[in-house]
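A.B. asks: Just passing along the structure, written as structure tokens.
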Amino acid sequence: MADTSAYFLACLHPCRLAGLAFMFSVGIMMQILACALYSNWWPMLTALMYVMVPMPCLFFGSSSSESLLSVGDATGDWADAAKFLTGFSTVGSIAIPAILRHAMLIEIGAMFLAYSSFIILTSTVILFQYVTRESEW
């Protein structure tokens, strides 16, 4: 019986990766739908911010196995600056749809689609951090 449960758990690892890939695909699809359904490509500015969000951690983040979610004395000043700039970019990706809606450049439905895309993509990143932190992965 223990052998069956170990086999079942070993089969779940590719399913986790496939689930994360599916979540990422749904998030990108919703971002494209926010633009295509309303024939207005201004919400694609948020996708530009999605590309810019991980850049500070790639350039200034620590090279150790620590995740973005870790807090403590082990992180250096550059890693703290990278986390601050990543947070700043994340707030920018939240603010862009609201600013575009306030300027009447996009419809309210496009704004909500962009927000739902942000929530799905952020959930994907957090789940990826959680999955890669496990020792069995």
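A.B. asks: With every protein chain in place, what's the accessible area of Ser25 (1.4 Å probe, Å², nearest 10)?
C.D. replies: We get 70 Å² for Ser25.
A.B. asks: Report the extension gain between Phe112 and Phe24 in nm, rounded to one decimal, defined as 0.36 nm multiplied by the number of residues separating them, less their alpha carbon distance.
C.D. replies: The span from Phe112 to Phe24 would gain 29.9 nm if fully extended.
A.B. asks: Ok, one more. For the residue pair Arg133 and Leu48, what label-to-label distance in nm results when each label sits 7 Å from Cα along the Cα-to-beta-carbon direction?
C.D. replies: Between Arg133 and Leu48, the simple spin-label model gives 3.3 nm.
A.B. asks: Taking 7 Å along the Cα-to-C-beta vector as the label spot, tell me the Ile94-His13 distance in nanometres, rounded to one decimal.
C.D. replies: Between Ile94 and His13, the simple spin-label model gives 3.6 nm.
A.B. asks: Asp77 to Ala36: FRET efficiency via 1/(1 + (r/R0)^6), r the Cβ-Cβ distance, R0 35 Å, to the nearest 0.05?
C.D. replies: With a Förster radius of 35 Å, E is 0.20.
The values are calculated or read from the model by the stated rules, or taken from the named source; none is laboratory data. Worth saying up front: this structure is predicted, and the values here are computed from it rather than measured. Here the Cβ is made from the backbone with ideal geometry for all residues, glycine too, and neighbour counts use every protein chain on show. We work out accessible area using only protein heavy atoms, side chains counted, and drop any ligands, DNA or RNA first. Shrake-Rupley method; radii C 1.70, N 1.55, O 1.52, S 1.80 Å.
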